[in-house]
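Notes follow the structure.
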Amino acid sequence: MPITPLEIRKQEFKKALRGYDPHEVRAFLEMVSIETESLLRENAGFTERVRDLDAKIEDYRRMEKILQDTMTTTQKASDELRNGAKKEAETIIANA
């Protein structure tokens, strides 16, 4: 279970004889809490950026597919034109 910055700030420790200095513990917890908040914000930003980049990749894939289809269609049309011209040339030669 992930720990939140608020949980870090609210964490309480038992007091024991010769235990840690409560002020140092509080200061450390505050520092850890601030760093955790910063990392969570940074992670959220990266997550958003990944989403945006994934969307762009999908757009590029769609464009690539359209270009491939267009190239295939153009190649077929070119072949048909070439074959038609070849037949027409053969017909003209045969008639001559």
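Structural remarks
- Counting only protein heavy atoms and a probe of 1.4 Å, the accessible surface of the chain is 60% carbon and sulfur.
- Unit charges at the beta carbon, dipole of the chain: most positive-side option, 25, 70, 2: 25
- Helix axis angle, 22-95 relative to the chain longest principal axis, alpha carbon, degrees: 0
- Mean shadow area of segment 16-68, taken as a quarter of the surface of its Cα convex hull (nm²): 4.9
- Once all protein chains are placed together, residue 10 keeps about 140 Å² accessible to a 1.4 angstrom probe.
- For the chain: accessible area per residue (Å², 1.4 Å): 95
The values are calculated or read from the model by the stated rules, or taken from the named source; none is laboratory data. Here the structure is a predicted model, which means the values were calculated and not measured. Neighbour counts run over all protein chains shown; Cβ positions are idealised from the backbone, glycine included. What goes into the accessible areas is simple: the full protein's heavy atoms, side chains included, and nothing from ligands, DNA or RNA. Shrake-Rupley method; radii C 1.70, N 1.55, O 1.52, S 1.80 Å.
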